[in-house]
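Note sheet for the following structure.
The values are calculated or read from the model by the stated rules, or taken from the named source; none is laboratory data. These numbers were taken from a predicted model, which means no experiment stands behind them. Methodologically, a virtual Cβ is constructed for each residue, glycine included, from the backbone with ideal geometry; neighbour enumeration extends over all protein chains shown. These accessible areas exclude ligands, DNA and RNA; they are computed on the full protein's heavy atoms, side chains included. Shrake-Rupley method; radii C 1.70, N 1.55, O 1.52, S 1.80 Å.
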Number of protein chains: 2
Amino acid sequence: MIEEDGDRAERVAGGGLLHRRALLAAAMVSAGGMAADAAASPASMLKPGAPLSGYGARAGSTAAIQRIVPRLSFPGTGSSRTPLQALEGTITPRGLHFERHHNGVPDIDPATHELLIHGLVRQPLLFRYEDMLRYPRHSRILFIECSGNSSTIGAPEPVQASAGQINGLLSCAEWIGVRLSTLLDEAGIAPQAKWVQAEGADAAAMTRSIPLSLCLDDAMIALFQNGEPLMPAQGFPMRLVLPGIEGNASIKWLRRLKLMATPAFSREETAKYTDLRADGLADLFSLRMGVKSIILRPSFGLDLNATGYQEISGLAWTGRGRIRKVEVSADGGASWAEAALDGPILPGALTRFRMPWRWDGTTAILMSRATDQTGAVQPRRSAWIAKYGVGQGYHNNAVQSWAVDARGQVTHVYA
Amino acid sequence: MIEEDGDRAERVAGGGLLHRRALLAAAMVSAGGMAADAAASPASMLKPGAPLSGYGARAGSTAAIQRIVPRLSFPGTGSSRTPLQALEGTITPRGLHFERHHNGVPDIDPATHELLIHGLVRQPLLFRYEDMLRYPRHSRILFIECSGNSSTIGAPEPVQASAGQINGLLSCAEWIGVRLSTLLDEAGIAPQAKWVQAEGADAAAMTRSIPLSLCLDDAMIALFQNGEPLMPAQGFPMRLVLPGIEGNASIKWLRRLKLMATPAFSREETAKYTDLRADGLADLFSLRMGVKSIILRPSFGLDLNATGYQEISGLAWTGRGRIRKVEVSADGGASWAEAALDGPILPGALTRFRMPWRWDGTTAILMSRATDQTGAVQPRRSAWIAKYGVGQGYHNNAVQSWAVDARGQVTHVYA
């Protein structure tokens with residue numbers, strides 16, 4: 001029942017993109033088959049089902065949805081990625097939130113964990129987990145993205161890998177905790193203090209220097225993620241969460257915050273997590289994430305198996321507030337059309353975009369391009385490479401492209 | 001370091017309630033101890049941690065957070081409840097979403113599952129799961145509440161049980177799926193059609209009649225919950241989700257939608273899920289949930305262990321759009337003050353409220369009262385009982401009360 005009378009939907013750009021209102025045009029879609037007026041009862045109706053349970057399990061047929069874990073020389077040092085192409089919406093399930101550890105996941109007893117606030121303060125303070133639970137809380141839906149996410153896009157040739165393999169150092173959750181400003185105010189900030197060095201209780205003693213202004217803005221000591229206490233891999237019992245800032249600075253297993261007049265210039269902010277530019281200089285403390293979007297469906301590994309209506313869908317986000325719009329191209333950037341955005345569009349969160357598309361069975365090159373509330377636009381890959389050269393692995397927010405061939409197979413291309 | 005100079009915060013109601021802006025007043029809170037300027041490295045820093053994993057596990061010390069499962073004669077027939085008092089924010093983790101099954105959880109192979117749309121339609125349609133995945137999707141953060149939730153409040157004497165035991169037939173998730181209106185438009189709605197009978201593929205053949213107007217409004221065939229495909233206990237592979245409507249109508253394992261001129265008047269909408277009033281008449285098809293709120297912290301089982309600053313926190317929701325305000329009382333309803341609401345305040349979702357409170361170690365009776373965008377106000381228990389009498393188990397949205405005694409112990413009371 002594919003509707004062949006395509007002119008009923010308004011084409012808005014090349015390659016078969018339809019106006020985003022076509023999402024509501026029922027006659028466009030139709031994959032349903034005709035049916036008789038009755039259907040036999042399936043086996044599931046003929047015997048009682050499984051009992052209730054204390055903690056829900058996934059359907060067996062979906063158990064293949066797992067984080068993407070590489071083979072590692074040191075199994076606790078590296079990252080696992082969120083399989084973005086297998087997921088929907090914007091909230092990442094807790095078990096699939098990406099991990100990036102520098103020396104494994106520590107096993108911390110919350111009864112003995114302590115957070116020290118010291119350095120340039122009026123009064124050093126030591127907080128037990130139990131203390132922290134007494135403080136006023138707030139909740140926010142926030143993405144965390146590793147600054148090394150999508151570094152694959154810098155490779156000379158396009159790597160054939162899934163959207164999650166390329167971009168899965170990105171997840172989004174409802175984080176609940178205590179405003180860092182509340183704790184810093186209580187410790188009393190000395191006038192000379194301009195930076196805060198945060199340290200984790202892991203065996204890497206993961207350490208980053210963060211401008212005090214960020215800590216007084218919207219930084220949170222997160223205690224809960226999607227309702228429950230943090231998972232060990234996400235920093236249990238407490239984690240710094242910095243909205244819109246590269247994930248490495250959201251220190252997990254947080255044990256220490258030292259107020260300082262200058263950054264510490266630690267390894268993680270000099271040798272690592274700096275952005276070498278094509279002109280030979282490097283940006284240090286390039287903490288805020290850029291505006292970015294990716295198409296997840298279709299994408300590598302999710303080939304098209306029928307012509308006609310398809311929904312192009314993906315995620316957009318920015319380190320600077322809200323996404324304003326996402327444009328999609330089906331002809332390699334020759335023409336663009338504005339996608340529909342699933343609300344609510346929240347600052348610091350992922351935004352899901354959707355674009356109706358009629359695939360006619362010919363070659364197409366799909367791209368997405370996000371614009372945020374500051375007017376910043378996601379750069380084309382050529383512009384990004386011109387600024388950074390190849391081999392720079394951080395903050396790659398270049399436009400990505402999927403090619404669809406006449407058989408519906410999807411490959412990663414540079415366009 | 002409890003701030004004894006209490007007059008720095010503005011009292012807004014009796015019993016020690018502070019203005020909601022006091023959430024930002026750091027000097028109010030303070031549970032931190034003084035500290036030396038250095039702390040020894042904990043054991044977790046002295047050896048590498050655990051490896052990365054494909055699907056994250058919870059911290060062992062939080063494994064006690066489980067759904068509340070009663071002993072049942074038939075272990076698949078009954079309900080498990082969300083332990084609301086142990087959770088934070090508004091999104092319920094998938095594994096802790098409440099269950100209500102009438103004959104267990106069916107194990108359904110998505111490759112063979114079909115949804116039939118028939119009855120008063122131009123063309124009956126049969127949808128496989130794979131078909132459904134091709135349709136345009138949208139996502140919404142929505143609560144589902146069983147209409148039998150909080151029925152305990154109707155008991156003659158207050159039951160001493162946790163907030164989740166009393167109110168945990170309530171959960172909230174990001175649901176992603178296909179608008180039902182899209183599918184109904186495609187089948188073609190006959191002019192006589194006014195109701196849709198929905199049937200599940202479970203061994204109870206769970207069946208409810210739903211007004212067509214609701215189905216054409218914001219009803220969804222949900223395929224994903226918090227990012228992943230539905231869990232079996234939540235209706236995998238597909239579930240009807242009706243925003244703001246009693247949970248029983250959001251038919252799980254959806255296999256059939258029959259368009260009809262009248263309701264079916266099935267058991268579930270005549271003998272059950274009807275609201276017997278004190279005047280002897282019963283409300284049928286009282287589908288929309290009322291405006292409601294509950295205090296989760298402190299609550300039964302979460303006693304206070306120190307005087308001074310406390311955060312009173314809970315959830316509010318309504319079947320009619322957005323929550324407008326939540327008021328809290330600490331003196332049994334003699335005076336009320338407006339709570340802070342964590343944004344975003346979304347229609348059909350849970351809203352988290354927070355109220356700063358200075359507990360002086362004397363007896364207090366805590367209550368919350370929600371108002372929604374229509375101006376509807378949560379009724380006092382006495383008003384609710386006057387309307388329905390005792391023993392009516394559905395749609396109990398009466399104000400609930402927790403008493404705090406001088407030792408900090410919390411009990412359930414009627415006030």
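Taking the listed residues B:LEU216, B:LEU257, the one that is within 13 Å of chain A (Cβ to nearest Cβ), over 30 Å from A:THR351 (Cα atoms) and of a type in the set (A, V, I, L, M, F, W, C) is B:LEU257, with no other qualifying. Scanning the range A:114-135 for residues that are open to solvent by 10 Å² or more (accessible area, probe 1.4 Å), in contact (Cβ under 8 Å) with a residue 24 or more places away in the chain, of a type outside the set (A, V, I, L, M) and not in a strand (DSSP E or B) returns A:ARG122, A:GLN123, A:PRO124, A:TYR129. Taking the range A:144-197 as the range and being within 22 Å of A:ASP217 (Cβ to Cβ), among the small types (Gly, Ala, Ser) and away from chain B (no Cβ under 14 Å) as the test, the residues that pass are A:SER147, A:ALA193. The condition (being in a loop (DSSP other than H, G, I, E, B) and under 22 Å from B:TYR135 (Cβ atoms)) is satisfied by just one residue among B:ILE176, B:ILE251, B:ILE221, B:ILE210: B:ILE251. Taken as a whole, the range A:83-104 holds at least one residue that is more than 7 Å from every other protein chain (Cβ to nearest Cβ), open to solvent by 10 Å² or more (accessible area, probe 1.4 Å), touching a strand residue (DSSP E or B) at 6+ places or on another chain (Cβ under 8 Å) and closer than 28 Å to A:THR262 by Cα. Taking the listed residues A:ILE345, A:ILE365, A:ILE294, the one that is buried (at least 24 other Cβ atoms within 10 Å of the Cβ) and among the aliphatic types (A, V, I, L, M) is A:ILE294, with no other qualifying. Somewhere in the range B:191-201, is a residue among the aliphatic types (A, V, I, L, M) and surrounded by fewer than 21 Cβ atoms within 10 Å (Cβ to Cβ)? Within the range B:191-201, one or more residues are among the aliphatic types (A, V, I, L, M) and surrounded by fewer than 21 Cβ atoms within 10 Å (Cβ to Cβ).
Scanning the range B:273-298 for residues that are at pLDDT below 95, under 16 Å from B:ARG208 (Cα atoms) and in a loop (DSSP other than H, G, I, E, B) yields B:TYR273, B:THR274, B:LEU284, B:PHE285, B:SER286.
Residue under question is A:GLY301, and the condition is that it be surrounded by fewer than 23 Cβ atoms within 10 Å (Cβ to Cβ), at pLDDT below 95 and on the phi > 0 side of the Ramachandran plot; does it hold? Answer is no for this residue.
Checking the structure you have, find out if any residue of the range A:242-249 is within 14 Å of another protein chain (Cβ to nearest Cβ) and not hydroxyl-bearing (Ser, Thr, Tyr). Yes, that holds for at least one residue.
Remark: A:GLY280 matches the filter, which requires a residue to be open to solvent by 50 Å² or more (accessible area, probe 1.4 Å), out of contact with any strand residue (DSSP E or B) (no Cβ under 9 Å at 6 or more places or on another chain) and more than 14 Å from chain B (Cβ to nearest Cβ). If you filter the range B:379-408 down to residues that are more than 30 Å from B:ALA306 (Cβ to Cβ) and of a type in the set (Val, Ile, Thr), you find that the one that is least open to solvent (accessible area, probe 1.4 Å) is B:ILE385.
Taking the conditions (1) part of a loop (DSSP other than H, G, I, E, B); (2) of a type in the set (A, V, I, L, M, F, W, C); (3) buried (at least 18 other Cβ atoms within 10 Å of the Cβ) in turn, A:VAL326 satisfies each one other than (1). The residue list B:ALA334, B:ALA349 contains one member that is assigned to a loop (DSSP other than H, G, I, E, B), of a type outside the set (Ser, Thr, Tyr), over 21 Å from B:THR152 (Cβ atoms) and touching a helix residue (DSSP H, G or I) at 6+ places or on another chain (Cβ under 7 Å), which is B:ALA334.
When the range A:139-173 is filtered for residues that are closer than 30 Å to B:ASN305 by Cα and either in contact with an Asp or Glu (Cβ under 6 Å, 6 or more places away or on another chain) or not in a strand (DSSP E or B) (or both), only A:SER139 remains.
Of the residues that make up the range B:48-58, is at least one more than 22 Å from the chain's Cα centre (by Cα), surrounded by fewer than 20 Cβ atoms within 10 Å (Cβ to Cβ) and within 23 Å of B:ALA187 (Cα to Cα)? No; the residues of the range B:48-58 include none that is more than 22 Å from the chain's Cα centre (by Cα), surrounded by fewer than 20 Cβ atoms within 10 Å (Cβ to Cβ) and within 23 Å of B:ALA187 (Cα to Cα).
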